[in-house]
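To start, the structure under review is shown below, and the notes come after it.
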Amino acid sequence: GLQKDIEERLEAIGFEREDRPFHPHLTLCRVKSVSEGRALGRLVEGLGFDMNMDFHVDSFMLFRSDLGPGGARYSVVRRFALGG
């Protein structure tokens with residue numbers, strides 16, 4: 001519902017709707033090389049995490065990313081509380 005509401009509001013101010021279906025996700029990290037990715041994969045497998053977890057969300061934040069020579073720098077644009 002949140003995604004639909006955001007998309008409708010953005011469309012109302014001139015943004016085009018996304019063609020692809022929405023797949024919610026959470027980015028935990030990024031890797032810069034295949035070898036880093038493989039090493040991280042081995043580490044996570046060794047920890048035995050249950051990747052199918054439920055959790056409560058009471059807010060979300062909109063971030064701005066500025067790309068530079070040292071990588072992306074992120075700053076919070078705004079925090080949104082979820083009612084209930």
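Among the candidates 9, 20, single out the residue that is under 28 Å from residue 82 (Cα atoms) and in a loop (DSSP other than H, G, I, E, B). Spell out the reasoning first.
Values: 9 fails: in a loop (DSSP other than H, G, I, E, B).
Of 9, 20, the one residue that is under 28 Å from residue 82 (Cα atoms) and in a loop (DSSP other than H, G, I, E, B) is 20.
Please state which one of 31, 57, 77, 44 is outside any helix (DSSP H, G or I), among the β-branched types (Val, Ile, Thr) and surrounded by 10 or more Cβ atoms within 10 Å (Cβ to Cβ).
Working: 57 fails: surrounded by 10 or more Cβ atoms within 10 Å (Cβ to Cβ); 77 fails: surrounded by 10 or more Cβ atoms within 10 Å (Cβ to Cβ); 44 fails: outside any helix (DSSP H, G or I).
After applying the criteria, what remains is 31.
Please find, within segment 26-53, the residue that is farthest from residue 69 (Cα to Cα) out of those that are among the charged types (D, E, K, R) and modelled with pLDDT of 80 or more.
Just the residues of segment 26-53 that are among the charged types (D, E, K, R), to begin with: 30, 32, 36, 38, 42, 45, 50.
Adding the requirement that they be modelled with pLDDT of 80 or more leaves 32, 36, 38, 42, 45.
On the way: 32: 13, 36: 19, 38: 24, 42: 29, 45: 32 Å.
Filtering first and then ranking leaves 45.
So which residues in segment 45-69 are of a type in the set (A, V, I, L, M, F, W, C) and closer than 19 Å to residue 24 by Cα? Spell out how you get there, then give the answer.
Kept after step one, since they are of a type in the set (A, V, I, L, M, F, W, C), are these residues of segment 45-69: 47, 49, 51, 53, 55, 57, 60-63, 67.
Across segment 45-69, the qualifying residues are 51, 53, 55, 57, 60, 61, 62, 63.
Looking at the structure I just gave you, is residue 66 in contact with a strand residue (DSSP E or B) (Cβ under 8 Å, 6 or more places away or on another chain), at pLDDT 90 or above and not small (Gly, Ala, Ser)? Break it down into steps so the answer makes sense when it comes.
On the way: in contact with a strand residue (DSSP E or B) (Cβ under 8 Å, 6 or more places away or on another chain): yes; at pLDDT 90 or above: yes; not small (Gly, Ala, Ser): yes.
Yes: the conditions hold for residue 66.
Provide a single number: the residues in segment 4-21 that are surrounded by 10 or more Cβ atoms within 10 Å (Cβ to Cβ) and either farther than 16 Å from residue 62 by Cβ or of a type in the set (Phe, Trp, Tyr) (or both).
Filtering segment 4-21 for residues surrounded by 10 or more Cβ atoms within 10 Å (Cβ to Cβ) gives 6-11, 15, 18.
Those left that are additionally either farther than 16 Å from residue 62 by Cβ or of a type in the set (Phe, Trp, Tyr) (or both): 8, 11, 15, 18.
Total meeting the criteria: 4.
Which of (1) surrounded by 10 or more Cβ atoms within 10 Å (Cβ to Cβ); (2) part of a helix (DSSP H, G or I); (3) of a type outside the set (A, V, I, L, M) does residue 64 not meet, given it meets every other one?
Result: residue 64 passes all but (2).
The values are calculated or read from the model by the stated rules, or taken from the named source; none is laboratory data. Everything quoted here is computed from the prediction, not taken from an experiment. Neighbour counts run over all protein chains shown; Cβ positions are idealised from the backbone, glycine included.
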